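The values are calculated or read from the model by the stated rules, or taken from the named source; none is laboratory data. Computed from a predicted model, the values in this text were never measured in an experiment. Using ideal geometry, Cβ is built from the backbone for each residue, glycine included, and neighbour counts are taken over all protein chains shown.
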Amino acid sequence: MRITKIVSALAVIALAGLSSMSSSGAAEKITFVLNWFPTADHSPYYYAREQGWYADAGLEVDIESAKGSAASSQKIGIGQAQLGVADLPTAFIARSKGANLVGVMAVYANSPQGFYWRKSVSGITGPKDFPGHTIGNPPGDAARAMWPAFAQAVGIAEDSVKFINIAPQAKMPSLMSDRIDIISDFYNGHDLKVNAMGDDMGFIAWRDIGVNPYGNTIFVNGEYLKDHKEAVAKFVEVTQKAFNACAMDHKPCIDALLKNVSGLDEKAQMDQWLRVEELMSTEATRTVALGYLDPAGLDDSYALVEKYFTLEKPFDVKDAYTNEFLSKAFKAPAN
């Protein structure tokens, strides 16, 4: 954990006026929908609310959960939630089906996708050894849909593995009981695998072999954005502030998460947050702004989605995101 009590003067100056930005009238009510059950990567939203930062900016933020990015994309797209989190490829698919949503801040500027296996049981030393083995994940899993991109990147045949349908919660039990050889999973849960397998764990991150679409991203409903730019600007800047604070000292943020969400293990969430920091950090988010959506990266992400998923109505990716609300006072942590 990195702990520091020094906040850059630039960040302080940038945020000094947040409370004064609040209107004199009633607070702007915002429903913010998560892409899943709350875990460490969602802790900054709870921390910002606990600290009163959203309220100081004139916002009343209600945080809701959703069962996956398809669900959160739909809620944002039809206006049931003004803002929320969704995996960017999934949100792009939803947009092609008519969901009116616009990306305003990257959370996972790197893809969280990865494959895990047990070296001693499978005999796998790397992705070149995947052929002839089984991969367990849900039928609609993005890793399965984009498998051809991974296979091409590592130089193996697309049909060289067999996919086995399992529920998300069955991934690790199935791997540890030898029912399957490989699982796909997000990197923020990396330490759970380390603890379970130790030196016997095999792992490959998609981003390390050049398949690196954007992951979780904050989206806003397009119609809401038209008439509420000031509220969106306040929400984004406060959220940047919260992610920056959590990067400097993540314990208070995890404490805020645990206060609001039952059933979570503190140590596991502490570990997860450090992995989240890695996913947040790119050259652009470290030098331009925390949460920056790089145009070239967005073009590459759209190209991958267009190639491996069904886009009912293709769209201009430039209309699907904006960086106009990001404060350059906040930068992602260097890892």
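Assorted remarks:
- Any hit, the range 287-294, residues being in the same structural domain as Gly79 (by TED's automatic domain parsing), free of Cβ contacts under 8 Å to residues at least 12 places away in the same chain and exposed (fewer than 15 other Cβ atoms within 10 Å of the Cβ): no
- Elements of type strands (runs of 3 or more DSSP E) contained in the range 172-274, each with 3 or more residues being hydroxyl-bearing (Ser, Thr, Tyr): none
- Summed over the range 266-309, the residues that are among the aromatic types (Phe, Trp, Tyr) and modelled with pLDDT of 95 or more give a count of 3.
- Annotation: Ser73 fulfils all but one of (1) more than 19 Å from Pro314 (Cβ to Cβ); (2) crowded, with 24+ Cβ neighbours inside 10 Å; the unmet one is (1).
- Looking at Glu324, Glu266, Glu223, just one residue is in contact with a strand residue (DSSP E or B) (Cβ under 9 Å, 6 or more places away or on another chain), surrounded by fewer than 18 Cβ atoms within 10 Å (Cβ to Cβ), over 30 Å from Ala153 (Cβ atoms) and not basic (Lys, Arg), and that residue is Glu324.
- Lone unmet requirement of (1) closer than 24 Å to Ala91 by Cα; (2) in a helix (DSSP H, G or I); (3) acidic (Asp, Glu) for Glu324: (2)
- Test: residue in the range 84-94 that is of a type in the set (Gly, Ala, Ser), within 19 Å of the chain's Cα centre (by Cα) and farther than 26 Å from Glu28 by Cβ: no
- Among the residues listed as Ser43, Ser65, the single one being of a type outside the set (Val, Ile, Thr) and free of Cβ contacts under 8 Å to residues at least 40 places away in the same chain: Ser65
Condition check ((1) within 27 Å of Leu298 (Cβ to Cβ); (2) in a loop (DSSP other than H, G, I, E, B); (3) out of contact with any Gly (no Cβ under 8 Å at 6 or more places or on another chain)) across all residues:
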{"residue": "Lys29", "(1), (2), (3)": "no, no, yes"}
{"residue": "Phe37", "(1), (2), (3)": "no, yes, yes"}
{"residue": "Ala66", "(1), (2), (3)": "yes, yes, no"}
{"residue": "Ala86", "(1), (2), (3)": "yes, no, yes"}
